[in-house]
Structures are given as C-alpha cells and as structure tokens.
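Trainee: One structure is given below, represented as structure tokens, and several questions about it will come after.
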Amino acid sequence: MSAVAEELAALDATAQAERVRAGDVDAVELVETAIERIETLNPTLNAVITPTFDRALAAARAGVAGPFAGVPFLVKDLAIEIEGVRFCEGSRFLRDHISTYTSELVHRFERAGLVVLGKTNTPEFGMVPTTEPVHFGPTRNPWDVQRSTSGSSGGSAAAVASRMVPMAHADDLGGSIRYPASACGLFGLKPTRARVSYAPRYGDVASGWACEFALTRSVRDAAALLDVVAGPSTGDPYVAPSPTRPFALEAAADPRPLRIGYTARTAAGTPGHADCVAALDDAVALFEALGHEVVEAELPPFDEVTGGAIGTVFNSATAWIVGYWMRELGREPESDELEPLTRMYWDLGRETRAGDYLMAVEELQRLSRRIARFLDSYDVFVNPTMSEPPAPIGEITSTPDEPSRALERGGRTVGYSGVIANFTGNPAMSVPLYWNTDGLPIGVHVLGRFGDEATLLQLAGQLERARPWIDRAPPVAVGAAPAHS
C-alpha cells in the first residue's frame, strides 16, 4: 500500500475534497488510491462485488465538479441502478442483469462530484440483517472477519469502515442503514420519508418504508451529502418537509438542551445484550454531561397485531420485488435462483390478499400516530441500535429445511425494532460511541421527530465533538495487516 493511499484514507470525504480544491491532489489521484485500497482489502472483506474502475478513472480524467469533486464513492447493489453496470440485488435470479437506466440519486451523487468506483454487496433483495448472499458470499466485518456486518448495507459499511472509500451509498427499509453502522462503527443517518427521491423508476417502496442515503465516517460528511442529494423529483408522490437551513450548518451547531427519552428494553420487553445496555448507559451519561435532560420511558408497545402487520408488509414487499423482476426478465425464477428465506417470503406474500395488506398498512399508520404523539413529549428517543453484538458469519442463514432460520436468528440481533422509523417515516440515526471488550462497535440509536433531521444532526455533531470516533480504525483497514480467515 502506497504512503499516499494511506494518508488519503485517513481523511473523511470533506477533507479529501478540500485537498482537491487546494490543489494538493487531483481527482485521478483520489480515485487511483481508492482503487489501490479496494484491491488490497477486498479479497479479505468481500465488500465490492462489481468494480467499475475504468468508468471511474474515465470520469476523473474528464474532470469533475461539485462540493465533493473527485471523492471516491461506492453504490450499494440494491434499488439504485447505473446504466450499463451489472445489477443483481444479491440474487442469482438477476445474475446476468445489466441496468438500462441510471437512477436520479446516482446522478445527484455524480453532480456533487463523487466518482463511483463500483457496487457493494447486499443480502438477497435486502431482506435480512446480515450480508451473506449465496450468490456473492459473505461480507466480513473489518473489526472481526469472523463476524457479520449486519445488513442490508453491509458491503458499503465494510468498505467505509475499512477506509476503502470515505463514504458509500446505503438504503434502509427496516434498519439497513443503521444496523450496519452499528456493527461497523460508522455514523448512519436514515432520513425522513421522501427526503431523497426514488426517481425515475419508483414513487416509493413498501408504502414509504424504504429510503435512500449513505454511510459515513463523520457527521459533517452526512450533513453535507444530504444537502446535495435531498429534494423531490418531478412526479414524486409526496415530499418531505423543507429544512429551515442547510444540514451542514445544523451539524456544526450544538443543540439546545434536549429532553431525551430512553429505554434498554427491546420490543419484547426484555433488555438487550449486556454490551448493548452498557453502550446505552454510557450514552445516557454523556447526554447528561452535555446538559440534556434524560428520562427513562417506553415507546407505545408492539402487540401481536402490530407484529403481524409488519410481517404482512415484508411478505408483500418480497412478492412485489420478485414479481417486478419476473416482469422485467420475462420469466419465473428457477428452483435454485431464490434463497430459502426469500422463497418463503415470496410464497407468503403471494398468499396475502390486497385487503390484508391495506389493513396492515392502516394498523401501522395508527401506531405511527401514537408514536408521533409520544414524541411530542421528547425531542428524541434513544435505545441501543442492535440487541446483540455482530453475529458470527454463518449464523444468520437459512437452509431449504429451515427457511425461517435467518429470520429467527437475525431477529435476535435487531430486537430494538429500528423498523419503527420506517413505518413512521421518521428520521433516525446510529451513532458510534461505544466498543465492547472484544473490540466490537456497539451503536446507539436515536429516533427523531418527522422532518427533523436538524435536531439529530445537531446532537450527532455535539456527540462527535465530545467523543471523536473518526480515528478509530478496525484491524482490517488501510494501515493494518489484512486478517484473512
């Protein structure tokens, strides 16, 4: 690894862009050194599954402009497409598919000056909290290569945590930005519903549960990136509330003293793993030291009806995804082209009646109103992001004989139900404040009010200044010897 590749890897995206503006480096050098890092680390981590290095170098040599001019970037291989580039969504069913259009979000990334070096690994159709697709194999956690990155944005998380690139695209239908952020020691912001457009192919995904954004090492990168990619596209079905000032300014400003609710109890009513509770306790002490009022409280509870409604939406979403690709490809999947859990979801989704789906959506909208009223009493609500440390590779997998195994085992890692922010549409974030005695990061989750990324970014920036994390590098990263399994 060259000295300049290591030097640039230590910088966040904002600092890399500043180097370009100052004339210290150029876009080609940023891209070439990122390629060097990917080629060195990817054999260990399996984060990048479709490199586009020639395309990236051509773009850098042609000249780029924007606030992130020349900064290397990766796009998750799910939902968002790049014309002429392989697009598989982690599935053997799509193994030969080449995208025929470029998503609006990619255009916005590129207009900001980001240079896309490839696509990152994801579980099949993003439907499980680990990144271990049969088609591409597991992405390994840079903090411990025997552990999962969680999911579904695990490829992007491993790439950013290991410093291949300073930030990468991610998306979130049930926690898929925040869970990998927790597992890999990153900042993960899930924006408000409709903050980032799904144009041109989709209006929304799963009744507005899904959203697009990124994983970053610094809060300022997330805020500045959101400033350049947020906003509706012509024909979007609805829009998010407009911010009162740039998100970058919010991240640089301390919040007023906040009223913060928190709980260590999962949706099942029991505490999570002791390491996750310790991370929460540590965060609560930090909030108090920073002058915030912290109150132990409980969100409106889930019941069996709520759980059933969430299952109905996930099953229906899978039926839609598989049906969509059947239409696009003109055929049904072969028996070996869907993983056992996906096929189970697909079968259940095809059995779901339209009225049942609408009743599930209505039930969750009713709970969303209760949560909104609850948040009238708090500025934010906090709990551990995950209910267990990152799971060992191979645990969150299914077999034909046990198709639900990944669902059941994965569910034990996400007992704090990050999906709340998806069905409410609220912004939320995972903040990397704590590492356990095994050296694994344990994130703290913060749920905000609808449309209020400003308070989240103010709080995140304050926490980052009080407890900086950007210089913490995992064992498998630029500057560290790769630990092959």
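Trainee: May I ask you to list pairs of residues, at least six apart or on different chains, whose Cβ atoms are under 6 Å apart, with the first in the stretch 49-71 being at positive phi and the second being part of a helix (DSSP H, G or I) and surrounded by 21 or more Cβ atoms within 10 Å (Cβ to Cβ)?
Mentor: Gly70/Ala27; Gly70/Leu30
Trainee: How many of the residues in the stretch 237-279 are within 25 Å of Asp221 (Cβ to Cβ) and surrounded by 18 or more Cβ atoms within 10 Å (Cβ to Cβ)? Working first, answer last.
Mentor: Restricting attention to the stretch 237-279, the residues satisfying the condition of being within 25 Å of Asp221 (Cβ to Cβ) are 239-256, 258, 260, 279.
Restricting the remaining residues to those that are surrounded by 18 or more Cβ atoms within 10 Å (Cβ to Cβ) gives 240, 243, 247-248, 250-251, 255, 258, 260, 279.
Final tally of qualifying residues: 10.
Trainee: Scan (1) surrounded by fewer than 24 Cβ atoms within 10 Å (Cβ to Cβ); (2) within 13 Å of the chain's Cα centre (by Cα) for the single condition Pro191 breaks and write down its number.
Mentor: All conditions pass for Pro191, except number (1).
Trainee: Next up: Can you work out which of the residues in the stretch 461-481 that are surrounded by fewer than 19 Cβ atoms within 10 Å (Cβ to Cβ) and more than 14 Å from Cys184 (Cα to Cα) is modelled with the lowest pLDDT?
Mentor: Only one residue fits best here, namely Ala481.
Trainee: Ok, one more. Test each condition in (1) surrounded by 15 or more Cβ atoms within 10 Å (Cβ to Cβ); (2) aromatic (Phe, Trp, Tyr); (3) within 30 Å of Trp346 (Cβ to Cβ) for Tyr324 and report the one that comes out false.
Mentor: It fails just one condition, (1).
Trainee: Could I ask something else about it? Name the helices (runs of 4 or more DSSP H) wholly inside the stretch 1-72 in which the number of residues that are farther than 21 Å from Ala477 by Cα is 1 or more. Talk me through it step by step, then tell me what you get.
Mentor: Working: elements: 3-9, 13-22, 27-45, 53-62.
In the stretch 1-72, the matching helices (runs of 4 or more DSSP H) lie at 13-22, 27-45, 53-62.
Trainee: Check off (1) under 16 Å from the mean Cα position of the chain (by Cα); (2) part of a helix (DSSP H, G or I); (3) surrounded by fewer than 24 Cβ atoms within 10 Å (Cβ to Cβ); (4) not β-branched (Val, Ile, Thr) for Ala421 and give me the number that stays unchecked.
Mentor: Evaluating Ala421 over (1) under 16 Å from the mean Cα position of the chain (by Cα); (2) part of a helix (DSSP H, G or I); (3) surrounded by fewer than 24 Cβ atoms within 10 Å (Cβ to Cβ); (4) not β-branched (Val, Ile, Thr) leaves (3) as the failure.
Trainee: While we're here: Given (1) in contact with a Ser or Thr (Cβ under 6 Å, 6 or more places away or on another chain); (2) closer than 21 Å to Asn426 by Cβ, identify the lone condition not met by Phe302.
Mentor: All conditions are met except number (1).
Trainee: Sticking with this structure for a sec: Go through (1) surrounded by fewer than 24 Cβ atoms within 10 Å (Cβ to Cβ); (2) in contact with a Cys (Cβ under 7 Å, 6 or more places away or on another chain) one by one and return the number of the condition Asp171 breaks.
Mentor: Among (1) surrounded by fewer than 24 Cβ atoms within 10 Å (Cβ to Cβ); (2) in contact with a Cys (Cβ under 7 Å, 6 or more places away or on another chain), the lone unmet condition for Asp171 is (1).
Trainee: Also, I was wondering about something else. Which residues, taken from the stretch 120-148, are within 27 Å of Val31 (Cβ to Cβ) and touching a Lys or Arg at 6+ places or on another chain (Cβ under 7 Å)?
Mentor: Thr120, Thr122, Asn141
Trainee: The conditions are (1) of a type outside the set (Lys, Arg); (2) modelled with pLDDT of 95 or more; (3) more than 23 Å from the chain's Cα centre (by Cα); (4) not in a strand (DSSP E or B), and Phe302 fails exactly one of them. Which is it?
Mentor: It fails just one condition, (2).
Trainee: Now, a different point. Report, by residue number, each residue of the stretch 362-396 that is hydroxyl-bearing (Ser, Thr, Tyr) and crowded, with 22+ Cβ neighbours inside 10 Å.
Mentor: So the first thing to find is which residues in the stretch 362-396 are hydroxyl-bearing (Ser, Thr, Tyr), and the list is 368, 377-378, 385, 387.
Answer for the stretch 362-396, where residues must be hydroxyl-bearing (Ser, Thr, Tyr) and crowded, with 22+ Cβ neighbours inside 10 Å: Thr385, Ser387.
Trainee: Just to be sure I understand the filter: pairs with C-beta atoms under 7 Å, separated by 6 or more residues or on different chains, first member in the stretch 338-360 and in contact (Cβ under 8 Å) with a residue 60 or more places away in the chain and under 16 Å from Glu408 (Cα atoms), second member among the aromatic types (Phe, Trp, Tyr) and part of a helix (DSSP H, G or I). Which pairs pass?
Mentor: If the second residue must be among the aromatic types (Phe, Trp, Tyr) and part of a helix (DSSP H, G or I), the pairs left are Thr342/Phe125; Tyr345/Phe314.
Trainee: Let me ask another. Take the stretch 245-272 and flag every residue that is in contact with a Gly (Cβ under 8 Å, 6 or more places away or on another chain) and of a type in the set (A, V, I, L, M, F, W, C).
Mentor: Across the stretch 245-272, the qualifying residues are Ala251, Ala252, Ala253, Ala264, Ala267, Ala268.
Trainee: So which of Gly70, Gly23 ends up being at pLDDT 95 or above and surrounded by fewer than 20 Cβ atoms within 10 Å (Cβ to Cβ)? Give the steps one after another, and end with the answer.
Mentor: Details: Gly70 fails: surrounded by fewer than 20 Cβ atoms within 10 Å (Cβ to Cβ).
Gly23 is the lone residue from the list that is at pLDDT 95 or above and surrounded by fewer than 20 Cβ atoms within 10 Å (Cβ to Cβ).
Trainee: Among the residues of the stretch 398-418, what is the count of those that are under 20 Å from the mean Cα position of the chain (by Cα), part of a loop (DSSP other than H, G, I, E, B) and modelled with pLDDT of 95 or more?
Mentor: Summing the residues that are under 20 Å from the mean Cα position of the chain (by Cα), part of a loop (DSSP other than H, G, I, E, B) and modelled with pLDDT of 95 or more in the stretch 398-418 gives 6.
Trainee: Given the conditions (1) part of a loop (DSSP other than H, G, I, E, B); (2) small (Gly, Ala, Ser); (3) touching a helix residue (DSSP H, G or I) at 6+ places or on another chain (Cβ under 8 Å), and given that Ser368 satisfies all but one, which numbered condition is not satisfied?
Mentor: (1)
Trainee: Same structure, new question: Considering every residue within the stretch 73-89, establish whether at least one is of a type in the set (Gly, Ala, Ser) and closer than 30 Å to Pro475 by Cβ. Break it down stepwise before answering.
Mentor: Just the residues of the stretch 73-89 that are of a type in the set (Gly, Ala, Ser), to begin with: 79, 84.
Going one step further and asking which of them are closer than 30 Å to Pro475 by Cβ, we end up with none.
The answer is no, given that none of the residues of the stretch 73-89 is of a type in the set (Gly, Ala, Ser) and closer than 30 Å to Pro475 by Cβ.
Trainee: Out of the stretch 121-152, which residues are in contact with a His (Cβ under 8 Å, 6 or more places away or on another chain) and crowded, with 22+ Cβ neighbours inside 10 Å?
Mentor: Just the residues of the stretch 121-152 that are in contact with a His (Cβ under 8 Å, 6 or more places away or on another chain), to begin with: 124, 145.
Of everything in the stretch 121-152, just one residue is in contact with a His (Cβ under 8 Å, 6 or more places away or on another chain) and crowded, with 22+ Cβ neighbours inside 10 Å, namely Glu124.
Trainee: Ok, one more. Give the stretch 229-244 a look and list any residue that's in contact (Cβ under 8 Å) with a residue 12 or more places away in the chain and out of contact with any Gly (no Cβ under 7 Å at 6 or more places or on another chain), or say none. So that I can check it myself, show each step before the final result.
Mentor: Going residue by residue through the stretch 229-244, those that are in contact (Cβ under 8 Å) with a residue 12 or more places away in the chain are 229-241, 243-244.
Correct list: Val229, Ala230, Gly231, Pro232, Ser233, Thr234, Gly235, Tyr238, Val239, Pro243, Thr244.
Trainee: A further question follows. Need a quick list: strands (runs of 3 or more DSSP E) entirely within the stretch 126-191 having at least 2 residues that are within 23 Å of Glu339 (Cβ to Cβ).
Mentor: Values: elements: 144-148, 167-172, 187-190.
Answer list for the stretch 126-191: 144-148, 167-172.
Trainee: Pairs only if they're at least six apart or on different chains, beta carbon under 9 angstrom, first in the stretch 362-374 and without any contact (Cβ under 8 Å) to a residue 24 or more places away in the chain, second of a type in the set (A, V, I, L, M) and assigned to a helix (DSSP H, G or I); list them, first residue then second.
Mentor: These pairs meet every condition: Glu362/Ala309.
Trainee: Also: For the stretch 83-112, give me each residue that is assigned to a loop (DSSP other than H, G, I, E, B), free of Cβ contacts under 8 Å to residues at least 40 places away in the same chain and over 19 Å from the mean Cα position of the chain (by Cα).
Mentor: Selection gives Glu83, Gly84, Val85, Asp96, Ser99, Thr100, Thr102.
The values are calculated or read from the model by the stated rules, or taken from the named source; none is laboratory data. The model shown is predicted, which means the values in this text are computed figures rather than measured ones. So basically every Cβ, Gly included, is an ideal-geometry build from the backbone, and we count neighbours across all protein chains shown.
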